[in-house]
Every structure is written in structure tokens, then in C-alpha cells.
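The values are calculated or read from the model by the stated rules, or taken from the named source; none is laboratory data. All values derive from a computational prediction rather than experimental measurement. Here the Cβ positions follow ideal geometry from the backbone for every residue, glycine too, while neighbour counts run over all protein chains shown.
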Amino acid sequence: MAAFGTVFTPDMMLAEFANNQWSEPALVPVNSISLHPGAHVLHYASTCFEGLKAFRHADGSVHIFRMDRNIARLQQSSALLALPAFDGAMLRQMILDIVKRYAADVPNPPGSMYIRPTHIGTEPSIGKAAAPSLNSMLYVLLSPVGDYFAGGARPLRLLLEDNARCAPHMGMVKSGGNYASALQPIMKARAAVQADQVLFCPNGDVQETGAANFLLIDGNEIITKALDASFLHGITRDSILTLARDRGMKVSERELTVDELLERAVKPGAEAALSGTAAVLTPVGTLIHNGQEYAVGGGQTGNTTASLRQALNDIQWGKAADPHGWLTKVC
Ligand SMILES: *Cc1c(COP(=O)(O)O)cnc(C)c1O
């Protein structure tokens, strides 16, 4: 299987904003766009994206998971980057059209069709360092993907880092600029302590990793940072918390300090996990802080993590009822 995110369908849906209006969305070859080298996005990072998935059920039908949430989040990201506003119904139809066209290419579970809506500022103006792009492109790419963790979900090693992932007022934007700001800390953590990811904890406040939210599970309680502007509001996070509430778990959305995390994580029965569309819910086995390693749950494998992950997959794969109406049937 090719590496995650390296295979694309030959066509995508594209809409362009110019002269104060959106073009009619069109199906175009993925290699058909061209950008001026002075395009706003290439210099001032006016870019945001989404990641969601379509799943194939046993009867052959294809379903998209929580599409409306991803559309709303791209609208929010676009607004925070001062990109042109777009109608959610337009993007919804673009997603439905492209997924329907490539429905035959949606892999069977544990694979899926990864959907990547992207919105970029295209105005050719290097003078607009402090002004929004008046032109933009909104497109929807598709990438069939296998199991993100083909080798089995090995518990991850996280390095706790005292700095923030990105500027605090940009946390809610799913934007390339924030990934750029997290790249060097992650590369250093890999090289220095063989960490898989960095858990960003500015001033001791446990936030999130480079591309996933962080959850501490302690017995019947799940603890995760309450929503604020400083980090990305994951749709997987929300889904997992909803499933946890459904089964009677106590969900605590509040501040979690590094001190409390390290104290509770090492207790027997404690679990930690990362949530995100690509990773679903991935167990964390080791926390690394100030040169010391902390085995989460005293080294036991997390049953609650595994069972919440399975419950989410069962809904996505059509093996369990969808009581919250999270799936949209495409065909
Ligand atoms: C996309 C992303 C997440 C996970 O969001 P989901 O909606 O669950 O996929 C978490 N953190 C960051 C920084 C992200 O970019």
C-alpha cells in the first residue's frame, strides 16, 4: 500500500472566487490549476483545509462522516484567514459530487476515501502582506487510504514541550502555517528521544499534538482541554466524547496541567490517546518530560481506548446504529 495521502483521484471539484463572485463548481483534472508565483497563498499563507472520510459499508453503499462539521470548520478557518466567504451548501454539493464520481474507488474498511477540501488565496499580489487576498480557489481532492497504522496501533511516544504549537489566536484555524510552526519541534523530538509526536503544553497547559487532540482516560473519566481559541477543535474529539457520555462515562472538559497529567497517567488503569480523522483514536504509551519517561497506565494496554475506537469505527463502517445522525449517504 502506498504511503498515506500520496494517491489521488485524477479529477477534483473546483470553484474560484474572482470579481466578488464564485464560479460554478466544476470537475477538473487535479493537475489543471496554475498559480501565479506571486499568489497570496505562496507568500502570506492564506491557506486552510479539511480532512474527512467516506466509508464503504458491507452492502456497498458509501457514507461520509460528519461532513457538515467539517464544512462549518472550513468556513470558520476561511473567516479567520480573511479568505472569501463561501456557501456551505456549495461545498457540500462539491464533496457529494466528487465522492459519487469516485464511489467505486472507496476502499473497504479499514481503508476509506480521505477527502481534502482546500481553500487558498490566489490574488497575484506580493504587496498584500497585511491585506486579504481578493481571489481564491476552493477545491476538493480525494485520496483513497488504507489503515493509517498498517502495522497495528503501536502505543505512541509523546514528548511534552513547554512551547505552543502555534500563535494562540490561530489555534482554531486548520492552516498550513500552524503545521509549519510545529515542524521543527517535532523533528527535534524524533531525533532526540525517538518521540512519535510532540504534546504542546505552553506554560504547563496540556493542549494538543501537531495534528491530533489529546485525551487522558482515568477509570470512568475522560479529561481533555476545554474548547478555546488556542487549539484545533477536532471532530473526532467531539465524537469520542459523545460516545463516552453515551456509555455513562464522566467527560471533563477543563484545564489539564502537566503536573496533573504526569501524576495521573502513571497510575494503574490510566490511559492516554490521540484523536483525529487519520489516527481515529490512537493509544499513547509513553510521556517524556524533562528527560524522564512515564509509562502510561504502568504499561498496561488501554481497554477503554480500544473499545471507544471500535465503537466509532463500527458507526463509520455501518456495523452499528448511527444514533447521532453522523453519516451522510452518498450512494
Ligand atoms: C485536524 C486536526 C485535529 C483533528 O481534528 P479532526 O476533526 O478530529 O480530524 C487536531 N489537531 C490539529 C492541529 C488538526 O489539524
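Miscellaneous remarks
- For the range 28-36, the count of residues that are assigned to a strand (DSSP E or B), modelled with pLDDT of 95 or more and under 25 Å from VAL145 (Cα atoms) is nonzero.
- Qualifying positions in the range 259-281 - within 16 Å of the ligand (Cβ to nearest atom), modelled with pLDDT of 95 or more and closer than 13 Å to LEU158 by Cβ: ALA272, ALA273, LEU274
- Pairs linking a residue in the range 202-222 that is of a type in the set (D, E, K, R) to a residue that is more than 15 Å from the ligand (Cβ to nearest atom) and at pLDDT 95 or above, with Cβ atoms under 7 Å and 6 or more positions apart or on different chains, are ASP205/GLU255; ASP205/THR257; ASP218/ARG264; ASP218/ALA270; GLU221/MET249; GLU221/LYS250; GLU221/SER252.
- Filter result (farther than 15 Å from LEU241 by Cβ, out of contact with any Pro (no Cβ under 6 Å at 6 or more places or on another chain) and either among the polar types (S, T, N, Q) or in contact (Cβ under 8 Å) with a residue 60 or more places away in the chain (or both)) within the range 294-313: VAL296, GLN300, THR301, ASN303, GLN310, ASN313
- So SER239, is it under 16 Å from GLU161 (Cα atoms), in contact with a helix residue (DSSP H, G or I) (Cβ under 8 Å, 6 or more places away or on another chain) and in the same structural domain as GLU260 (by TED's automatic domain parsing): no
- Identity of the residue in the range 153-185, among the basic types (Lys, Arg) and in contact with a helix residue (DSSP H, G or I) (Cβ under 6 Å, 6 or more places away or on another chain), that ends up surrounded by the fewest Cβ atoms within 10 Å (Cβ to Cβ): LYS174
- Filtered by the rule that a residue be without any contact (Cβ under 8 Å) to a residue 60 or more places away in the chain and more than 16 Å from the ligand (Cβ to nearest atom), the range 57-88 gives GLY60, ALA79, ALA82, LEU83, ALA85, GLY88.
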